[in-house]
Amino acid sequence: MEFSELIKTATVESVVLGGRGLPAVRGTLCITSHHLLLSSCPGGDAQPGTVELWLLIRNVDAVEKRVQNLGWYQPPRTNGSPRDSRLAGSSGTITLRCKDLKVLQLEIPGMEECLNIASSIEALSSVDSVMMMYPFFYRPQDLRLEEGWHLFPLEQYFQKIAAQTNQWRLSDLNRDFTTCPTYPAGVIVPAAVSDDTLRRAARFRQGGRFPVLSYYHPSNGTVMLRSSQPLTGPNRKRCPEDEVLLGTVLDEGERGFIIDTRSAQAAKQARMTGGGTEPKSSYPQWKRLHRPLERGRPLQESFIKLVEACNDASLSMDRWLSRLESCRWLSHVKAALSTACLAAQCLDREEASVLVHGAEGTDTTLLVTALAQVILDPGCRTMVGFQGLLEREWIEAGHPFHLRCARSAYSHARLKQEAPLFLLFLDCVWQLSRQFPFSLEFGESLLLALFDNAYASDYGTFLCNNEKERCLCKVKENTHSLWAWLNQPEEKKKYLNPLYSHNPLVIWPSVEPQSIQLWQGLFFRWIRPSQYLDEARAEMQRLVEANEAPAKESTGSRLSRSLSDPAARTENER
């Protein structure tokens, strides 16, 4: 396929670009294979136009078109030519609804040009071949292809664990992705369990996702594992190797908890179709806890309804609150945080190991294990540590980004496998940053950048659904890493929290309904101006930098007393 075949009209003059809160700009619109460009008309013959829009077409979620001002005329017939009717004075409006929730309008002179531009954008934004996407063509001058791809090797993470215990080992049994197609090549497993036992246990788990180590809690040696559901089925099948694997994790007399992210009823229904749960008789040291978390269509529809409500400027207060409640997004945030807190509590306070799984083990499972680590581990609350967590618990762990982030909140396409699990995770992390404003080294701007790049990116980090697919597409050889860009010194400064002060303690968030707030920085990002908030952040940064030299530590404590809200002042006392 050639991109040129999808572009019906490449350039249109006198196009007017507009959007909520934006002044209208007239200029020349150009469509390339991956971008939509609009250059404003120059002030004089010698002056170049200013690029007012540089939009990655992959970011377009929905295209809406409206033709207007129509009038027909018939040119005179000559030499017996057939009668010809044409449109006079026609124009059209294209509304682009983007995956990052931005909404843009293009006023285009000429009906044919309008329809051609809309058709071209729709076709280009729907290209589903990974290797035709922009990251495979993007070549910034200041980055090398190999940069960023090896910042967070699993070996490095394992060495931290190996320095504290010899009960775990790094296995490469999945190096050819045959044991589990959605796991990475290397996994951390109990040292006493052989690879052959692991292979047999994998056959008893959906998709081959046998239990592997997600997190080692250094304060007491407990661990958090993740997997998919066991394939017990209606006949309650058993797998001795799986039982040995989980039994090896616990010493004699110890207990562990299995946190199932499905309801008890859903787990029971899964058994009738070949799935199921770990029966108490076969796993006597493990206690099962059901904490249902929505995924798939219900979560996607919740996201869509919330965005619709946020964009409706006509709502009264009562109607807004009703729409906010009915979309249930904040309920999903509360449920995710509550389940992550449960996992963290089992590890830190109950001193019991935990296994987390739902059905496939690629969605709500990763949401819980990643969130629990942000709560427990101060290392995951640093800029670099958080990126390593995302690499390990979302990207390498097999969250299907290509499927889940194919469409955002505006798409008119029929829902398939889209679901904003990663957005829900970022929202929960934002809730933590709001309740503990000094404990996370990064700020809201990093979370926004991650949301944007998960749905449409110049970089290859979030491409594909798992490591096997990335290897087949040679993503790491042919695209740039997002981490390389984020960790450039000048770029990194934009994402740091100026109020950060290292907090070695566990942060226990409040999950009361009154404590869960709408993430306005994301959902209202393009709806209301952010000028004053941006100025306030810049001034905060300036004040912190001005006081850093004489007394960095005392400044942090003084800012804590003067700037924090009551929840923040007691952030380690809960």
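Before moving on, here are some points about what is shown:
Residues checked against (1) buried (at least 16 other Cβ atoms within 10 Å of the Cβ); (2) assigned by the TED database to the domain that holds Ser219; (3) within 26 Å of the chain's Cα centre (by Cα); (4) at pLDDT 95 or above:
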position: Lys494; (1), (2), (3), (4): no, yes, yes, no
position: Leu499; (1), (2), (3), (4): yes, yes, yes, no
position: Val506; (1), (2), (3), (4): yes, yes, yes, yes
position: Leu522; (1), (2), (3), (4): yes, yes, yes, yes
position: Arg525; (1), (2), (3), (4): yes, yes, yes, no
position: Ala551; (1), (2), (3), (4): no, no, no, no
position: Gly556; (1), (2), (3), (4): yes, no, no, no
position: Leu559; (1), (2), (3), (4): yes, no, no, no
position: Glu573; (1), (2), (3), (4): no, no, no, no
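- Residues of the range 217-231 that are closer than 12 Å to Glu351 by Cα and either among the acidic types (Asp, Glu) or in a strand (DSSP E or B) (or both): Val223, Met224.
- Counting the residues of the range 332-365 that are touching a Pro at 6+ places or on another chain (Cβ under 7 Å), in a helix (DSSP H, G or I) and open to solvent by less than 10 Å² (accessible area, probe 1.4 Å) gives 1.
- Considering the range 120-155, the residues that are open to solvent by 30 Å² or more (accessible area, probe 1.4 Å), of a type in the set (S, T, N, Q) and within 24 Å of the chain's Cα centre (by Cα) include one that is farthest from Glu64 (Cα to Cα), namely Ser129.
- The set of residues in the range 193-218 that are open to solvent by 10 Å² or more (accessible area, probe 1.4 Å), in contact with a strand residue (DSSP E or B) (Cβ under 9 Å, 6 or more places away or on another chain), under 20 Å from Gly274 (Cβ atoms) and not polar (S, T, N, Q) contains only Phe204.
- Here Glu477, Glu490 are screened, and the one residue that is modelled with pLDDT under 95, open to solvent by 10 Å² or more (accessible area, probe 1.4 Å) and assigned to a helix (DSSP H, G or I) is Glu490.
- Helices (runs of 4 or more DSSP H) wholly inside the range 240-331 containing at least 3 residues that are closer than 30 Å to Phe523 by Cα: 297-311, 317-327
The values are calculated or read from the model by the stated rules, or taken from the named source; none is laboratory data. Please read these numbers as outputs of a predicted model, since none were measured by experiment. Glycine gets a Cβ as well: all are built from the backbone with ideal geometry, and neighbour counts include every protein chain shown. With ligands, DNA and RNA removed, areas are computed over all heavy atoms of the protein, side chains included. Shrake-Rupley method; radii C 1.70, N 1.55, O 1.52, S 1.80 Å.
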